[in-house]
1. Using only Cα atoms, tell me the angle between helix 301-322 and the longest principal axis of the chain; keep it within 0 to 90° and round to the nearest 10.
2. Given the Cα-Cα distance of residue 288 and residue 302 and 0.36 nm per residue of separation, how much length would full extension add, in nm?
3. Please compute the modelled spin-label separation between residue 279 and residue 25, points set 7 Å along Cα→Cβ, answer in nm with one decimal.
4. Determine, from the Cβ-Cβ distance of residue 56 and residue 216 and an R0 of 41 Å, the FRET efficiency 1/(1 + (r/R0)^6), rounded to the nearest 0.05.
5. Have a look at 298, 243, 213 and tell me which one the Gaussian network model of the chain (Cα, springs below 10 Å) gives the largest fluctuation.
6. Just check the stretch 6-129 against the gyration tensor rule for me: Cα atoms, a ≥ b ≥ c as the square roots of the eigenvalues, rounded for a/c under 1.5, and otherwise prolate or oblate depending on whether a/b exceeds b/c.
7. Quick check: convex hull over the Cα atoms of the stretch 128-197, volume per residue in Å³, rounded to an integer?
8. I'm spelling it out carefully: the read-out is Rg and Dmax of the Cα atoms in Å, the candidates are [x] 20.2, 69; [y] 21.2, 73; [z] 24.1, 76, and one was derived from this structure. Which label?
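No value in this document is a laboratory result; all are computed from the given coordinates. Note that the structure is predicted; figures quoted are calculated from it, not measured. Note: ideal-geometry Cβ built from the backbone for every residue, glycine included; neighbour counts use all protein chains shown.
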């Protein structure tokens, strides 16, 4: 699509700042409330001011979680083009610029969209079942974090505090922990029910979990992050997004460094794929054989585990691409 107007949006909890640009030139600034009423006001001003149709407008904003929802819902209603971009990428693009405020941020986002127009990746609205699935995953994470906050101090108290106090604390916390565990199981059951009731999700879930090491939580988070493999379709992009791809930083003859993974990654997915890799190498199979062989060759253990994470990601995408479950001893039909 040939976009003519690039609209930068700075998102906050209460307000939105819009700056439309055309051919890299700022048109105006609009500061509105972060709700449907404020967004409609901006839309009407755009329609009166901008000499182009809504199909030629591109709205670009940083991914700030739930604060983006009013604008995303309006975009779906009006069929507007939205580009959700990483805040780190926009910041890196303007790394040498100084100063910061909402108006300036909106302008920089618009400038970024115009400068990177050949790399636009439009946001695609997830299905309602995926929105519900994402909310349940987040709820499960909060429950597990809450349980951990109760148990971790208790473990330390057992080592350093009065034993009678510790027993008293354990007695008080026991029903709280039991309640959290019960609620966690209920959330996991609801997640599984959602998957079982949706044919597309059930099919994708079966394909993903056929890969050794991949369980329910890894599979569901993968579905959510990739938006059912519509938003992220390439395993290399997914691996990069999850921080499992090593990059070299060399320059001339003096600057040399070993390849390292980037810290600009989805840390949740990185942890989940690490757990998947550890599960895979702890049971008999080709991934365990690969891990042991590389370690015997003198490779760094963490580097080999990282390679296993990468292999798991590529296998998941291969299964989805070919629409078949993973087979360790697969024999190609042309062999």
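1. Once rounded, one gets 70 degrees.
2. In short, 3.7 nm is gained.
3. 5.7 nm
4. Values: r = 43 Å, r/R0 = 1.06.
E between residue 56 and residue 216, to the nearest 0.05, is 0.40.
5. Evaluated over the chain, the most mobile residue of the options is 298.
6. Working: a/c = 1.30, a/b = 1.17, b/c = 1.11.
Rounded shape, in that the Cα axes give a/c under 1.5.
7. Working: hull volume 4.6 nm³, N = 70.
Taking only Cα atoms, the stretch 128-197 has a hull volume of 66 Å³ per residue.
8. [z]
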